[in-house]
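For reference, the structure is listed below as structure tokens.
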């Protein structure tokens with residue numbers, strides 16, 4: 001049993017690393033689309049942000065099912081993923097606001113809030129993605 005649990009732990013670490021790398025691609029996609037849609041297409045900040053999020057969620061969904069979890073994806077798993085990552089975004093923002101309220105608004109405090117929110121939300125998104133979105137059927 002020890003070898004099997006060690007293999008599971010290695011698989012989990014490997015998936016978590018790939019999930020984090022895909023998250024970096026998602027961040028670049030999200031930020032890039034948001035800026036492009038706002039500055040070049042003339043959309044308002046909120047509309048550009050929502051469309052940027054949907055674009056990034058689509059890219060990360062595809063990469064996660066191809067690269068991170070290596071299972072077949074479907075339209076229903078895409079929708080579950082978008083809903084789940086929306087919940088993760090809400091967790092991220094809530095953690096950020098909690099840290100900023102606790103520490104203050106100096107640049108280092110804001111950075112700490114972003115870091116805490118990102119780590120907690122990534123953990124949540126990884127767990128629910130692994131358990132409920134990218135499950136071999």
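Just so you know, all these numbers are worked out from the coordinates, no wet-lab data involved. Being a predicted model, the structure only gives us computed values, none of them experimental. All Cβ positions, even for glycine, are placed from backbone atoms using ideal geometry, and neighbour counts span all protein chains on display.
You can think of it this way: the chain between residue 101 and residue 31 has 22.7 nm of extra reach, that is 0.36 nm per residue less the Cα-Cα gap. Each residue in 12, 122 was given a count of other beta-carbon atoms within 10 angstrom of its own, and listing them fewest first yields 12, 122. Helices in the chain, meaning DSSP H runs of at least 4 residues, each add -39500 (n - 2.57). Divided by all residues, the mean residue ellipticity at 222 nm is -28000 deg cm²/dmol.
Of all the Cα-Cα pairs you can form in the stretch 2-133, what percent are over 22 Å apart? Walk me through the numbers before you get to the answer.
Details: 3831 of 8646 pairs.
The share of Cα pairs beyond 22 Å in the stretch 2-133 comes to 44 percent.
Ordered by the number of other Cβ atoms lying within 10 Å of each residue's own Cβ, fewest first, 132, 61 fall into the sequence 132, 61.
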